[in-house]
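What follows draws every value from the coordinates through simple rules; no lab data is involved. On a predicted model such as this, the values are computed, not experimentally measured, just so you know. Virtual Cβ from ideal backbone geometry, glycine too; neighbours counted across all protein chains shown.
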Amino acid sequence: MTTYIGLLRAVNLAGINRVAMSDLRQMLVKLGIEGGQTLLQSGNVVFRSKAISAATLERLLEDGAAKHLGLKTEFFVRSAEDWKAMIAANPFPAEARDDPGHLLMMCLKAAPERAAVTALQDAIAGREIVKAKGPHAYIVYPDGVGRSRLTTVIIEKKLGTRATGRNWNTVLKLNALAEGL
């Protein structure tokens, strides 16, 4: 069995796409996925499954959410090993240590082209800093995410792929949960 981390995109935000984490865990059981544990109310789940591809698990979970929860959303799945590699690849170690609440890691459906990353960096109107490595983007929001004009809509448009983000505190908590599973 392989341990995976799954992130739901855009759930429980301002009353949109509401899903109870207990319902999410029950859905995992119905799909034959083991050890499902959730973190916070924003659609973070750690689970074990037979070693199949993350992309296959994403489709299984998306179909399961539609069928069992009446929820049309996207899942971003990474193996626990990939998650650790993503943490190690963080290009902002000082920010991760000193201000983890203002550092976001974004899981992307596809790795963006270099030109797309440059276009995103050129579109920044504030003090945000963006770097991308493979299917992940790391963003420092020194003035906070809520005040920034660098929104997920802009990020997805410029990078040409879907995305969901978590602050560094949550990234580390998911890693710890995966290590304990």
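Under the shape rule built on the C-alpha gyration tensor, where the axes satisfy a ≥ b ≥ c, the chain is prolate, since a/c reaches at least 1.5 and a/b is greater than b/c.
Coupling constants for region 70-87 follow from the phi torsions by the Karplus curve (6.51 cos²θ - 1.76 cosθ + 1.60, θ = phi - 60°), and in residue order they are x, 10, 9, 8, 9, 10, 10, 10, 9, 5, 4, 5, 5, 4, 4, 5, 5, 5 Hz; glycine and proline get x. If you take the alpha carbon atoms of region 67-109 and fit the smallest convex hull around them, that volume is 114 Å³ per residue. Among E62, E156, E113, the largest mean-square fluctuation in a Gaussian network model of the chain (Cα springs under 10 Å) belongs to E113. Estimated from helices alone, the mean residue ellipticity of the chain at 222 nm is -10500 deg cm²/dmol (sum of -39500 (n - 2.57) over DSSP H runs with n ≥ 4, per residue). In terms of the mean number of neighbouring beta-carbon atoms within 10 Å, the peptides 72-80, 144-152 order highest first as 72-80, 144-152.
Under a Gaussian network description of the chain, with springs only between Cα atoms under 10 Å, the residue in A55, A125, A116 that fluctuates furthest is A125. Between S53 and R18, the FRET efficiency from the beta-carbon distance, with R0 = 30 Å, is close to 0.55. Approximating the spin labels as points 7 Å out from Cα along Cα→Cβ, the K133-to-R25 distance works out to 3.3 nm.
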